[in-house]
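What follows is calculated from the coordinates using simple rules that are stated; it is not laboratory data. Everything numeric in this text was worked out from a predicted model, so none of it was measured. Here the Cβ is made from the backbone with ideal geometry for all residues, glycine too, and neighbour counts use every protein chain on show.
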Amino acid sequence: MSRPITALYSLARFAMAFAATVCLAVALNLSSAAAQLAPPADPSTDASSPSMVELKARPTVALAGTAEWDEGMRALADAMEKLRVEMDKAGLEPAGKPFAVFVETDDKGFRFEAMVPLAALPEPAPSLQNGLRIATSPAGKTMKFEHRGSYDEIDTTYEAITAYLDEKGLEAQNLFVEEYLSLPKSSDEDGAQVDIYVFLK
């Protein structure tokens, strides 16, 4: 794709499937924010306050997956639950909020890495099952956008992201991250806090 950022808007296709993420929020129950995250802004459903952020690599527990857009949130929720279970078995403590790295997207679906950050690489390396592994989160120059409000309205944020990048003449990689700071129980309930990091070329 010549403009990979256009795939971001496709995430709106599974916004209505938000209910599946309830198990993600409850299962992980992660209360400590990652150090590099900015303090929560006032509620908003657009990306009116973007900022340039140089993301640093972090050690994580990761699980790769693929999904079609219609089943996207269910696939992510299932991946996060597997991470939680295996981390508990291995005695690994999360050091931040869970996030999904979207590494490839097209009109049909996407390929992702579900990740939970660790404070440091565990020594010795734990024995993880069911496809989980110790990995490093992507690093590089990004534009950070914030979605605040209800998850049903996240499509508005993705429209704003696309418009902002076009206006500024910024070219995005086909790589972006959604970090889940807070998710309400209902998709139409205010309180969703999702930070979106778009990697730039």
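Values as computed for the structure displayed
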{"item": "Spin-label zone in region 148-164 - amide nitrogen under 18 Å from a point set 7 Å from the Cα of ASP188 along the C-beta vector", "result": "149-156"}
{"item": "Length released on extending from THR136 to LEU170, taking residue separation times 0.36 nm less the Cα-Cα span", "result": "9.7 nm"}
{"item": "Label-to-label distance, nm, for residues given as THR66 and ASP106 (7 Å Cα→Cβ offset)", "result": "0.9 nm"}
{"item": "Fewest-first sequence of TYR164, TYR151 by Cβ atoms within 10 Å of each Cβ", "result": "TYR164, TYR151"}
